[in-house]
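This report refers to the structure that appears directly beneath it.
Please treat every number below as a calculation from the coordinates, not as lab data. This one's a predicted model, so the numbers in the text were calculated from it and none came from an experiment. Here the Cβ is made from the backbone with ideal geometry for all residues, glycine too, and neighbour counts use every protein chain on show.
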Amino acid sequence: MADVQKLSIPDLAAMKKEGKKISMITAYSYPQALLVDEAGIDIILVGDSLGMVELGYNGTTPVTMDEMLNHTKPVMRAVKRCHVVGDMPFMSYNISKEQAITNAGILYKDGGCDSIKLEGGQDFAPTVEAIVKAGIPVFGHIGLTPQTAGALGGFKVQGKSLDAAKKVIEDAMALDAAGAFAIVLEAIPRQLAQLITQKVKCITIGIGGGIDCDGQVLVLHDILGLFKRFTPKFVKVYANAYDFQLKAVKEFIGEVQEKKFPTEEYTFTMKDDVVQELRKQYGL
Ligand code: KIV
């Protein structure tokens, strides 16, 4: 097989310039990363949505650095082509610039990802600038920020009024100026995402941001129909993998209970005389 070229940040920036849409999806394990990389995804986000779709938490805030590291490493072992973003968990970057650089460094160096993502706008621009200066590429995340959704009044669309929209634009401009190479725009009106995409030089990736962003991201479990607790309006479900897998596991259980599995096809055997000798020796 021909060597696969790893996508660089300049390659992604060139896609924005050329108007080529960028595809991004979450993945949290070796097999998931193999699958989406083979499918041709441009960016994997090892998102802190991990907490909800893989670890069974109610939200993203309980996710720890160790959990993010444990899921970033196997993803890195799987990918050949796509860019991988490691998500900074809540409170791993919120206390000080020093704390943010230290933890970004751990995720980047030990986790091996190609960039890190953190949530927040203008307030976090100095943090973004400090991490970028330390040599680590940063992906921003504004609009609806799940780690602080409580403070935003829940999982609601952001930036609908003039003042609220201006705040989101200012957030985007601050992150752009701080050196973020890309920003996730979550749950904001399409027109606002379009304005931001035109205004900033960095890449915009929408999740509930409409068609005009430079690219789109969704959670893998959502598009595969693996996570049924709730489905936001912006999620398109492309498969019913939960029911597909449920059917397979139920079939296995049924075949075990009915003594239909394993048949000879799935069984190892040994010579009869060895069996007879074993029977003799063990009185069976
Ligand atoms: O953690 C995550 O999956 C995310 C996406 C929703 C962008 O941050």
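Given +1 on the Cβ of Lys and Arg, -1 on the Cβ of Asp and Glu, and no further charges, what dipole in debye does the chain carry about its Cα centre, rounded to the nearest 20? Walk me through the intermediate numbers first.
On the way: 31 positive and 34 negative charges, 117 e Å.
Taking the Cα centre of the chain as origin, the dipole is about 560 debye.
Return MET270, MET24 ranked ascending by Cβ neighbour count within 10 Å, so the fewest neighbours appear first. It would help to have the intermediate numbers written out before the result.
On the way: MET270 8, MET24 26.
Sorted ascending by nearby Cβ count, the order is MET270, MET24.
Using only Cα atoms, locate the centre of segment 87-143 and the centre of segment 169-197, then give the distance between them in Å, rounded to an integer.
17
Most exposed first by the Cβ proxy, i.e. fewest other Cβ within 10 Å, how do CYS202, CYS113 rank? Don't skip to the answer; put the middle values down first.
Values: CYS202 24, CYS113 28.
Ascending Cβ contact count within 10 Å gives the list CYS202, CYS113.
Grab the other residues whose beta carbon is less than 15 angstrom from that of LEU278, score K and R as +1, D and E as -1, and report the net. Can you show the working numbers first?
On the way: positive: LYS271, ARG279, LYS280; negative: ASP272, ASP273, GLU277.
Counting the neighbours of LEU278, the net charge comes to 0.
Restricting to Cα pairs below 8 Å that are 6+ residues apart, what does the relative contact order work out to for segment 16-163? Please round to a whole percent. Working shown, then result.
Numbers: 251 pairs, mean separation 27.6, N = 148.
Answer for segment 16-163 is 19 percent.
About its Cα centre, how strong a charge dipole does segment 146-278 have in debye, to the nearest 20, once Lys and Arg get +1 and Asp and Glu get -1 at the Cβ?
The calculated dipole for segment 146-278 is roughly 1020 debye.
Starting from the amide H of VAL84, placed 1.01 Å from N in the peptide plane, find each other amide H under 5 Å away whose residue is 5 or more places distant or on another chain.
Sorted by chain and number, the residues that satisfy this are ILE44, ASP114, SER115.
Taking 0.36 nm per residue of separation and subtracting the Cα-Cα distance, what length does fully extending LEU246 through SER161 add? Can you show the working numbers first?
Values: separation 85, 0.36 × 85 = 30.60 nm, distance 4.41 nm.
In short, 26.2 nm is gained.
Show that you can apply the helix-only estimate: for the chain, add -39,500 (n - 2.57) for every DSSP H stretch of four or more residues, divide by all residues, and state [θ] at 222 nm to the nearest 500. Walk me through the numbers before you get to the answer.
Values: 11 runs with 115 residues, N = 284.
Value at 222 nm, helices only: -12000 deg cm²/dmol.
Cut-off 16 Å, label point 7 angstrom out along Cα-to-Cβ of MET91: give me the residues of segment 137-161 whose amide nitrogen falls inside.
Hits in segment 137-161 for MET91 at 16 Å: 147-151.
Fewest Cβ neighbours within 10 Å first, please rank ILE106, ILE22 accordingly. Before the final figure, lay out each step's value.
Working: ILE106 18, ILE22 23.
In order of increasing Cβ crowding within 10 Å: ILE106, ILE22.
Over the chain, with a Gaussian network built from C-alpha contacts below 10 Å, which listed residue (GLN257, GLN122, GLN191) shows the highest mean-square fluctuation?
Highest fluctuation of the listed residues: GLN257.
Excluding MET68 itself, what net charge comes from residues whose Cβ is under 14 Å from its Cβ, given Lys and Arg +1 and Asp and Glu -1? Don't jump to the answer; show the numbers that get you there.
Details: positive: LYS73, LYS109, LYS117; negative: ASP48, GLU54, ASP66, GLU67, ASP87, ASP110, GLU119.
Net charge around MET68: -4.
Using the Cα atoms as the points, what is the convex hull volume per residue of segment 9-239 in Å³?
Details: hull volume 25.8 nm³, N = 231.
Enclosed volume per residue, from the Cα hull, is 111 Å³.
What is the sum of charges around ALA187, taking Lys and Arg as +1, Asp and Glu as -1, for the other residues whose C-beta is under 12 Å from the C-beta of ALA187? Could the numbers behind the result be given before it?
Working: positive: LYS156, LYS160, ARG190, LYS233; negative: GLU186.
Result for the neighbourhood of ALA187: +3.
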